[in-house]
Each structure stands twice: as structure tokens, then as C-alpha cells.
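The values are calculated or read from the model by the stated rules, or taken from the named source; none is laboratory data. Remember, predicted model here, so these are calculated numbers, not experimental data. All Cβ positions, even for glycine, are placed from backbone atoms using ideal geometry, and neighbour counts span all protein chains on display. Please note that ligands, DNA and RNA were not included when accessible areas were found on the heavy atoms of the full protein model with its side chains. Shrake-Rupley method; radii C 1.70, N 1.55, O 1.52, S 1.80 Å.
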Amino acid sequence: MIKLTRTDGSSMDKAVKIIATSEWDGVDAEYKYLEIFFPGYTMQAQFLIEDGGHYYDHLVLMNSTGKKTDIWFDISSFFGKPVWISSNYLLSA
């Protein structure tokens, strides 16, 4: 199960915290969040930020009228966790 906090993600302090068990699930949750709350926006930039042992994805989005929006995700729960696709294969480490 994947959990997300009910914050607006407008800054590092208000980052949407994603609780996931693997990078695969966590990244998928980020994109689903963007589809729901920012339809029609395109990603202009993405930054990985480490701060005090926590990891954040900072995304810069733009809509069709040129409005830019920053969104922050706290990805600490899943960043760097491997994705096992079977007992014999490791997708990422």
C-alpha cells in the first residue's frame, strides 16, 4: 500500500510525503499525483535534494499558459530501495 500526506507540496517544508516500499511504487505514486492535481502540466525540471538525511524530489511544472508551479515530494521512504521483479532479478539498487 502507498500512502501520501495531505500537504500542498509547495515547499520542502510542505512536501507531499510518499510512503512506499520501493522506488518503482514511489515514482508511480508521484506521477499519479501529478496526473490528478496538475493535469495538462509538463515537467520543466527535476531536482533531487538531500537535506538532513531526507530525500526530496523538487519538480518545476508548467501549464499551457506558461504558469510555473513548484511541487515537492518527500521520497525518503523509498529512495534507493531496490525493486525486485522476481526472486532472480533485481531491477535497481
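Only a single item in (1) modelled with pLDDT of 90 or more; (2) open to solvent by 30 Å² or more (accessible area, probe 1.4 Å); (3) not hydrophobic (A, V, I, L, M, F, W, C) is not met by ASP74, and it is number (2). Could you list, in sequence order, all residues of segment 30-41 that are of a type in the set (A, V, I, L, M) and under 14 Å from LEU59 (Cα atoms)? The one that is of a type in the set (A, V, I, L, M) and under 14 Å from LEU59 (Cα atoms): LEU34. Scanning segment 22-68 for residues that are closer than 20 Å to LYS81 by Cβ and among the basic types (Lys, Arg) gives a single hit, LYS32.
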